[in-house]
Amino acid sequence: MDLEFVVSNWHLFAALVVISLLIGFDTLRRGGGGANQVSAVQLPQLINKENAVVVDVCEPDEYKKGHIPKAINIPVSQIKEQLGQLEKFRTKNRPIVLSCRSGQRASRAAAVLRKNEFKTVYTLSGGLAAWQKENLPLER
């Protein structure tokens, strides 16, 4: 980049930097805690082909109202304390898919798992709301 252009148009360059930072922060905020995202349509394939386990990180009362079939419930508030329960899936190289109502709590849980060296971690894009929108079954 030409330094003279940057100096003479510093306000444009500053705006470019600010916009880039905002886009970067928004991407990180929505990025699933460093986890890949899987759509509601892709999730059954991941379960069937790679034996993925679904972990619903909602609170128990929400979980009882409806969850993805065979999902286990570990509330996001307890994810650190329950890492041992998830260890058996890591040692068997089973992908872990985190879900919640909208995807925000799943992203926080994914960040905890990634920090603890869980490699194959996904979040359900759009959460349980996206699952229901696709008319996929719920277990109660």
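Taking region 73-121 only, how many residues are among the hydroxyl-bearing types (Ser, Thr, Tyr), closer than 19 Å to Gln37 by Cβ and modelled with pLDDT of 95 or more?
Residues meeting the conditions: 1.
From the list Leu138, Leu98, Leu83, which one is in the same structural domain as Glu59 (by TED's automatic domain parsing), closer than 19 Å to Leu46 by Cα and aliphatic (A, V, I, L, M)?
Leu98
Take Gly126 and tell me if it is at positive phi and not basic (Lys, Arg). Before the answer, list the steps.
Values: at positive phi: yes; not basic (Lys, Arg): yes.
In short, yes.
Tell me, please, whether a residue that is modelled with pLDDT of 70 or more, acidic (Asp, Glu) and not in a helix (DSSP H, G or I) can be found in region 48-67.
Yes, some residue in region 48-67 is modelled with pLDDT of 70 or more, acidic (Asp, Glu) and not in a helix (DSSP H, G or I).
Within region 81-127, which residues are out of contact with any strand residue (DSSP E or B) (no Cβ under 8 Å at 6 or more places or on another chain), without any contact (Cβ under 8 Å) to a residue 60 or more places away in the chain and in a loop (DSSP other than H, G, I, E, B)?
Of everything in region 81-127, those that are out of contact with any strand residue (DSSP E or B) (no Cβ under 8 Å at 6 or more places or on another chain), without any contact (Cβ under 8 Å) to a residue 60 or more places away in the chain and in a loop (DSSP other than H, G, I, E, B) turn out to be Glu81, Gln82, Lys92, Asn93, Arg101, Ser102, Asn116, Glu117, Lys119.
The values are calculated or read from the model by the stated rules, or taken from the named source; none is laboratory data. Just so we're clear, the structure is a prediction, and the values are computed from it rather than from any experiment. A quick note on method: Cβ atoms are made from the backbone with ideal geometry, for glycine too, and the neighbour counts reach across all protein chains shown.
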